[in-house]
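Undergrad: One structure, as structure tokens, below. Some questions next.
The values are calculated or read from the model by the stated rules, or taken from the named source; none is laboratory data. Values in this document were obtained by computation on a predicted structure and should not be read as measured data. Because the Cβ atoms are built from the backbone with ideal geometry, glycine has one as well, and the counts that use them run over all protein chains shown.
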Amino acid sequence: MSRARHPTAVDVAEQLDYYLVFPNLRARERALPPEGIVVEEFVLRADGTTSALDSAGWTAGGTWWSAAAFSRGLREDARLRARVTPVGRAGAQTAYRLLGGGDLLAEPQLRRHFLDRLDLPAAAPLNLVPAQATADRRIYRVLLAGELAEPGLAALRSGWRMQPFDRSDDAAQRIAGRTRRTLDGQTVTWTLRRIGVDLAWAVDLATDRPDDTSAHTLAPLLCRLRTEARGQGLIPVTVERLR
């Protein structure tokens, strides 16, 4: 896969996604030193949806390596996810120094280690909700892998000012919460729901402004939702648009 930038990609803030990689689940649970780190960055279209994922890994005592296959496995293999903890840059820096790497490179320099790109081709969206995008309504979906413990769920509900759902129809759709905002003159609603047996989650964001003029508002919001869900231990998979 070529490292060349997609012409439709837009630059994002100087903030990469960092993960600590442990030799096994027990080492992670006991807070033993990790064996390395992985750094990722989604390639975004102008509307905030994802087109590809760049990544690189570093193992103690070694050099930086292409993490494209690792990043794919992280989103498909629950056993691999059990060995990984999402962290911020400060956490990655601490681990990197602890493992003998010294000072972690600045993010522009870290991007130079992104040698292989994992393309995220558009696919038919999961039919999770009966309401589909219409001429006057656009829906985006943030897909997330992993389990969300009760403290993490409570933190997302609180931070997003969501009301929990307990009605039978909401339970059937596995809705965990929903909130509504008015941003830049448009009404935006997002819903947090479970997929499968708590092994994946989705945030569905709907807007009543269906044209591309809302991209400057929605793209940062989609990034924020993805980042804050990751902060509770979930692994972002992709951000897609229903139409």
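Undergrad: Taking the range 77-100 on its own, how many of its residues are touching a residue at least 60 places away in the same chain (Cβ under 8 Å) and over 21 Å from Leu234 (Cα atoms)? Don't jump to the end; show me each part of the working.
TA: Within the range 77-100, the subset touching a residue at least 60 places away in the same chain (Cβ under 8 Å) is 78, 81, 83-89, 91-92, 95, 98-99.
Retained after the next criterion (residues that are over 21 Å from Leu234 (Cα atoms)): 98-99.
Residues flagged as touching a residue at least 60 places away in the same chain (Cβ under 8 Å) and over 21 Å from Leu234 (Cα atoms) within the range 77-100 amount to 2.
Undergrad: Which of the residues belonging to the range 61-118 are within 20 Å of Leu32 (Cβ to Cβ), of a type in the set (D, E, K, R) and out of contact with any Lys or Arg (no Cβ under 9 Å at 6 or more places or on another chain)?
TA: Hits for the range 61-118 are Arg79, Arg97.
Undergrad: Is it fair to say Gly57 is assigned by TED's automatic domain parsing to the domain that holds Leu115 and at pLDDT below 95?
TA: On the way: assigned by TED's automatic domain parsing to the domain that holds Leu115: yes; at pLDDT below 95: no.
Considered against the rule, which asks whether it is assigned by TED's automatic domain parsing to the domain that holds Leu115 and at pLDDT below 95, Gly57 comes out as no.
Undergrad: Name every residue in the range 86-104 that is farther than 14 Å from Tyr19 by Cα and either modelled with pLDDT under 95 or surrounded by fewer than 16 Cβ atoms within 10 Å (Cβ to Cβ) (or both), in order of residue number.
TA: Once the filter is applied, which keeps residues that are farther than 14 Å from Tyr19 by Cα and either modelled with pLDDT under 95 or surrounded by fewer than 16 Cβ atoms within 10 Å (Cβ to Cβ) (or both), the range 86-104 yields Arg97, Leu98, Gly100, Gly102, Asp103.
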